[in-house]
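Note sheet for the following structure.
What follows is calculated from the coordinates using simple rules that are stated; it is not laboratory data. Just so it is clear, the model here is predicted, and its values are computed rather than measured. Cβ sites come from the backbone with ideal geometry, for glycine too, and all protein chains shown count toward neighbours.
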Amino acid sequence: MKSNPHLLLVGKLVTLSMAMFAFGYIVMPPLYNIICDITGLNGRTNSAAVSAPVGQEVADRTITVEFVSVINSSAAWSFKPQVQTMEVIPGKTYTTNYIAKNLSGAAAVGQAVPSVAPSSAAKYFNKIECFCFTRQEFEARAEKEMPLIFFVEPDLPRSIDTITLSYTYFNTGEEPENVSDS
Amino acid sequence: MSTAAAGHHEHDDHGPAKGWTRWLYTTNHKDIGTLYLLFALVMFFIGGGMALIIRAELFQPGLQLVDPLFFNSMTTMHALVMIFGVVMPAFVGLANWMIPMMIGGPDMALPRMNNWSFWIMPFAFLLLLSTLFMEGGGPAGGWTLYAPLSLQGPDSFAFVIFSIHFMGISSVMGSINIVATIFNMRAPGMSLMQMPLFVWTWLITAYLLIAVIPVLAGAVTMLLTDRFFGTSFFNAAGGGDPVMYQHIFWFFGHPEVYILILPAFGIISSIIPTFARKPLFGYASMVYATASIAFLSFIVWAHHMFTVGMPLAGEMFFMFATMMISVPTGVKVFNWVATMWRGSMTFETPMLFAIGFLVMFTIGGLSGLMLAITPADIQYHDTYFVVAHFHYVLVPGAIYSIMAATYYWLPKWTGNMYDEKWGKIHFWVSTVFLNVLFFPMHFVGLAGMPRRIPDYNLQFADWNAIATIGAFGFGFSQLIFVYVIFKCIKGGAKATDEVWDGAEGLEWTVPSPAPYHTFEKPPAQYS
């Protein structure tokens, strides 16, 4: 009589369940990020700098870019855009600032997370320079003016005439490294 | 020990061990089936008690009985208990009892693992329920445990996650056992297409469980590390995305809702032919429909998330894929109706529950079709309309099928007929109160009443009061069920081996009550 008639089948089924755990835990999160980055779903924009447009191809219309700021409820910050809206010609490069202040009595590290609405505009909105690419370290009650350089691609669909850029500011909870204790 | 005797007699029926350790150490599929069913019955009343707390608070607008945090943990716990503690264990219990007897096998393929699968469950639920008494209370972010809300709860969250891990391990072990039993233990000559549909639906359900429960385990493990070990899977500040949790959860969650209904389809496919005294109409199409539903369940998950801001193409895909499920489900409903067509029907309690299932499950299916329409769903999303929908498919769907199965096979299990009069009273009282309870939820939902909120606008007051009356009526009428089962175990008219006039299948060829060991010698009719 051979060892156990169920061994092969049970082995396969256990392997299947382990593989599905690995799929859920290891494969899905990176896969999700890749899909979001490619398609711009969830209003996700580029998370690393892109170079400025070179062709100087410029659209024959203007669109409105609105700037929104949200502070995560657990963060003691003041965080505001310098201007609320800009009239933008797609293809041209623009610069604006967000102003953040650490309202707490201790040094802290902040991180901004961007989101673009409508999400179908996300992949046409490019950031050449953005404070959201890095974390910012603040001394107690320090204020910083943080630059954002961006352009909108000229082939933005005609149906979109307003793009809303929203930043949510988080306290990362990390200990600042380079801030002196003065 | 009776080893000497066992060597000499082929039909040595030594019966169960004596004393309470019989239940602790048992590897007998009938004992374990009984344990699962009793566990589900106890949890049914615990989860039902939670539902009554919810309905009592919602009897009137304003906050009267419980504080909102406790209300939220009641809605969360009610769902977790009913899904993982009632419907799933009850189906596994029925599988344990019936599958070996239906396929002519002596026991489950892996009896020791079977014992483990069961005995993990009480500890998992002790862990889950104990969080209600911990500092900060139990989980209160909904049974879906959406991040980031669930991550803002008290530290007792770790216990919730571990209890879900344990339930998952139990379910996966039980499923592996069922698949191994069905593939390896069938009577000689019984082909897959000769198996009863209950066995077929459970085979497909077991594969669904093995495929998606580990995904849930992965999702809650991510919640655990996000909450306690500083990872950022779902934390936007660290580069994660809370919407990703919803995708992973519903990739588990949608197959899960079919896990809760496919075995019910199998039960109904056993009962209706018996009491219509006709073979099941379209056996092969039933098998293929079940397999199609299982396949489609993997590609429709985002219909739970129409409001997260998906692109139009995604919403269209998930809308049409979801609507496609109504095709195989419709095949099943029409097959059942065709089975009854011109049959010599009688209406014993199991048949009443089966017909109740057919009618009311279809109501839930139709409201599901409404919810699948993306533009309409944006209004229905997270309202009581959704609550009405899934309670119509789960209570007169899954729960009624379990009750039908209990009445149907109880004479085989105990050897006694149950009390037909009280069985019928149980059905009619339950059905009336159930509709009083859940039907008004459609109205308040369409008018905009949100789910999971302890207070509501005055305009919803009348229908909520009526629903609460229905809830208490339905809840207390389940005591009749317990009474009938208890009375049947104690005694009653002796059941014949065949029990039902038109019953077909191997389980009716063994004596009533079914002896402790059945089919030690495989049945011959298939070889």
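Values as computed for the structure displayed
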read-out	value
Taking only Cα atoms of the range B:281-371, radius of gyration then Dmax in Å	16.2, 53
Whole-number percent relative contact order across the range A:54-114, with pairs defined as alpha carbons under 8 Å at least 6 apart	35
When the protein assembly as shown is reduced to its Cα atoms, the Kirkwood hydrodynamic radius in Å	28.2
Sparse-neighbour loop sites [trypsin sites (Lys or Arg not before Pro); the range B:275-366; at most 11 other C-beta within 10 Å; DSSP]	B:Arg342
Where labels lie 7 Å past Cα in the beta-carbon direction, separation of B:Ile46 and B:Ile373 in nm	4.1
Among the listed pairs A:Lys92/A:Lys127; B:Lys30/B:Lys412; B:Lys18/B:Lys494; A:Lys80/A:Lys101, those beyond 18 Å (Cα-Cα)	B:Lys18/B:Lys494
Cβ neighbours within 10 Å from other chains - mean over B:303-315	2
Rg to Rh, two decimals, where the range B:101-233 supplies the alpha carbon set and Rh follows Kirkwood	1.11
Percent of Cα-Cα distances greater than 13 Å, calculated over the range B:473-514	64
Per DSSP, loop chymotrypsin sites (Phe, Trp or Tyr not before Pro) in the range B:445-527 with at most 14 further Cβ within 10 Å	B:Tyr516
Range in chain B, longest, excluding exposed GluC sites (Glu not before Pro) [loop by DSSP; at most 16 other beta-carbon atoms within 10 Å]	B:136-497
Alpha carbon centroid spacing (whole Å) that separates the range A:125-179 from the range B:144-167	32
Relative contact order [Cα under 8 Å, 6+ residues apart], chain A, whole percent	27
Label-point gap, in nm, between B:Lys487 and A:Ile149 - each point 7 angstrom along Cα→Cβ	8.5
CD proxy at 222 nm, helix term only [per DSSP H run n ≥ 4: -39500 (n - 2.57); per residue of chain B; nearest 500]	-21500 deg cm²/dmol
A:Lys144, A:Lys127, A:Lys12 arranged by Cβ crowding within 10 Å, fewest neighbours leading	A:Lys12, A:Lys144, A:Lys127
Net charge dipole size for the range A:43-171 [Lys, Arg +1 and Asp, Glu -1 on Cβ; Debye, nearest 20]	280
Choice from A:Gly110, A:Gly91, A:Gly11 with maximal GNM fluctuation in chain A (Cα, 10 Å cutoff)	A:Gly11
Distance histogram for the range A:43-171 (every C-alpha pair counted, 5 angstrom bins, percent rounded to whole numbers)	2, 11, 21, 23, 18, 11, 7, 4, 2, 0
Cα-centred dipole magnitude for the protein assembly as shown, charges only on beta-carbon of K, R (+1) and D, E (-1), debye, nearest 20	1720
Order by protection proxy (mean Cβ within 10 Å, highest first), peptides B:48-55, B:395-402, A:28-35	B:395-402, B:48-55, A:28-35
Inter-centroid distance (Cα atoms) of the range B:286-364 relative to the range B:21-72, Å	27
Orientation-averaged projected area, Cα convex hull of chain B (nm²)	25.0
Cα centroid separation - the range B:441-502 against the range B:180-230, whole Å	29
Percent RCO, i.e. relative contact order, over chain B, from Cα pairs under 8 Å lying at least 6 residues apart	18
